[in-house]
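Down below is the structure, laid out as structure tokens.
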Amino acid sequence: MKLVVQRVKNANVVVENQTIGEIGQGFMVLLGVTPTDTKEIADSLVQKLIHLRVFEDENEKMNLSIQDIDGELLIVSQFTLYANCNHGNRPSFTEAAKPDLANELYEYFVEQCKKENIKKVETGEFGADMQVSLQNDGPVTIILEKEI
């Protein structure tokens with residue numbers, strides 16, 4: 001499982017000209033799943049995400065978590081995080097999980113985040129053509145990965 005976490009001032013996701021997810025200050029999270037991922041891996045990454053201290057404290061040091069600032073989450077499934085471009089110029093996505101498993105673990109990840117006292121947890125639409133907009137704050141972008 002791989003997360004691309006962006007600290008944002010705001011973010012939204014649009015499907016068919018309709019905003020389906022929108023947040024203020026917090027994290028925009030792109031989530032990719034591999035065939036070997038499990039709920040235990042998802043649980044571990046949820047804990048890492050919600051305790052990640054990248055928001056500034058009163059001394060302008062990155063020392064606060066999303067819970068500390070009462071921040072929000074926008075979580076979007078993105079199989080292209082597992083693109084393999086080692087052979088030619090057209091990416092292969094064989095390292096990404098099949099849609100059934102990917103959606104199951106994506107939904108599980110979102111539900112676990114909702115249980116963690118996060119002010120607001122919004123999502124994209126699994127498998128849809130989405131337009132994502134965000135205002136990266138910093139910019140701060142961090143990749144979190146957990147492997148077996």
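Given the whole protein assembly as supplied and a 1.4 Å probe, what does the accessible area of I143 come to in Å², nearest 10?
110
Taking 0.36 nm per intervening residue step and subtracting the Cα-Cα distance, what contour gain separates K119 from Q131 on full extension?
Gain in length upon complete extension: 2.0 nm.
Which one, M62, M130, M28, has the greatest fluctuation when you compute a Gaussian network model over the chain with C-alpha springs under 10 angstrom?
M62
Counting only protein chains, not ligands or nucleic acids, how are V121, V110 ordered by accessible area (probe 1.4 Å), most first?
V121, V110
To the nearest 10 square angstrom, what accessible area does K2 show with a 1.4 Å probe?
Using a 1.4 Å probe on the heavy atoms, I get roughly 40 Å².
Starting from the Cα of V140, step 7 Å toward the Cβ, then list every residue of segment 1-21 with an amide N under 20 Å from that point.
Once the point is set 7 Å along Cα→Cβ of V140, 3-12 turn out to lie under 20 Å by backbone N, inside segment 1-21.
Quick one, what does Rg over Rh come out to for segment 40-108 if you take C-alpha atoms and the Kirkwood Rh?
Here Rg/Rh amounts to 1.13.
In percent, how large is the relative contact order of segment 1-66, given Cα pairs closer than 8 Å and 6 or more residues apart?
Relative contact order comes out at 27 percent.
Could you work out how far apart the two model spin labels at E104 and N17 are, taking each label as a point 7 Å from the Cα in the direction of the beta carbon, and quote it in nm?
3.8
Measure off 7 Å from each Cα along the Cα-to-Cβ vector at N86 and K61, then give the distance between these two points in nanometres to one decimal.
Label-label distance for N86 and K61, simple model: 4.1 nm.
How big is the convex hull of the Cα atoms of the chain, per residue, in Å³?
Looking at the chain, the number lands at 117 Å³ per residue.
How much net charge surrounds L101 when only other residues with a Cβ under 12 Å from its Cβ are counted (Lys, Arg +1; Asp, Glu -1)?
Local charge sum for L101: -2.
Please find, in a Gaussian network model of the chain (springs between Cα atoms separated by less than 10 Å), the residue of Q18, Q135, Q67 whose mean-square fluctuation is greatest.
Q18
Would you kindly find the accessible area of D43, with a 1.4 Å probe and non-protein molecules such as ligands, DNA and RNA excluded, rounding to the nearest 10 Å²?
Rounded to the nearest 10, that gives 60 Å².
Defining a contact as two alpha carbons under 8 Å apart and six or more residues distant in sequence, what relative contact order in percent does the chain show?
Averaging sequence separation for qualifying contacts and normalising by length gives 39 percent for the chain.
The values are calculated or read from the model by the stated rules, or taken from the named source; none is laboratory data. The structure presented is a predicted model; accordingly, all values stated were derived computationally and were not measured. Reconstructed Cβ throughout: ideal geometry from the backbone, glycine too, with neighbour counts over all protein chains shown. These area figures cover heavy atoms from the full protein model, side chains too; ligands, DNA and RNA do not enter into them. Shrake-Rupley method; radii C 1.70, N 1.55, O 1.52, S 1.80 Å.
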